[in-house]
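As structure tokens, the structure follows; a few thoughts come after it.
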Amino acid sequence: MNTVWVRRTALLLLLLVTVAAGACGKKKPPIARPIPPPPGGSTTVTPPPEPPTPAPEPTTVPPEPVAEDTIAAGSIDDINRNSPLKPVFYALDAAEVDADGQKVLQGNAEILRRYTTWQISIEGHCDERGTAEYNLALGERRAVAARNYLVSLGIPADRVKIVSYGKEFPFDPGHSEEAWSKNRRAHFVVTAK
């Protein structure tokens, strides 16, 4: 047992000497030597650059006052009297929406997207020529074509009702092609807001 103790003590001493030698053997950091002055005899020191000037605070521009929406503020009668919804006109005996009618319906769809609570009725109208039955059917086809185009643009179908008046309510009471072309139309009426 004594020899074991002696061996452990010797081992411990050897370990201590190794650690002490390692700690003392570290190199010292080099000492910095002064830099000789530049040739030319002048020893002026260049001052550091000025700090940048701070950016000025941005001026806050107040938002423009929002004008009251005069369209939505009015009654349904006021809205329909000065309706922002434009009519679509059709060729003789036609119910297809042409390129001009598509542009009008795209504008009407934008308005209906803005006023999402509006319910509308599309009235189909015809000129005075043709029988009452024929004009009622043609007026309905015109109103349906306008509604279908609006629905294709994303307007919910449940916001759009249709009715046909045939030749009963002409826009222009004249008896010429100019008057008849104004009467062949799909007319838009706001029914609820």
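Every number here is computed from the coordinates shown, using simple stated rules; none is lab data. Since the model is a prediction, treat every value here as computed from it, not as a measurement. For neighbour counting, all protein chains shown are included, and Cβ atoms are generated from backbone atoms with ideal geometry for every residue, glycine included.
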Return the total of residues in region 89-141 being part of a helix (DSSP H, G or I), without any contact (Cβ under 8 Å) to a residue 40 or more places away in the chain and under 17 Å from residue 164 (Cα atoms). 8
Apart from one, (1) crowded, with 16+ Cβ neighbours inside 10 Å; (2) farther than 18 Å from residue 193 by Cα; (3) touching a residue at least 40 places away in the same chain (Cβ under 8 Å); (4) of a type in the set (A, V, I, L, M) all hold for residue 162; the odd one out is (2)
Residue 193 - would you say it is within 15 Å of residue 111 (Cβ to Cβ) and charged (D, E, K, R)? yes
So, in region 165-190, of the ones that are in contact with a Lys or Arg (Cβ under 9 Å, 6 or more places away or on another chain) and without any contact (Cβ under 8 Å) to a residue 40 or more places away in the chain, which residue ends up farthest from residue 78 (Cα to Cα)? 174
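Determine whether residue 157 is surrounded by fewer than 19 Cβ atoms within 10 Å (Cβ to Cβ) and closer than 24 Å to residue 75 by Cβ.
Spelling it out, it is not the case that residue 157 is surrounded by fewer than 19 Cβ atoms within 10 Å (Cβ to Cβ) and closer than 24 Å to residue 75 by Cβ.
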Considering every residue within region 107-124, establish whether at least one is over 20 Å from residue 83 (Cα atoms) and surrounded by 17 or more Cβ atoms within 10 Å (Cβ to Cβ). no
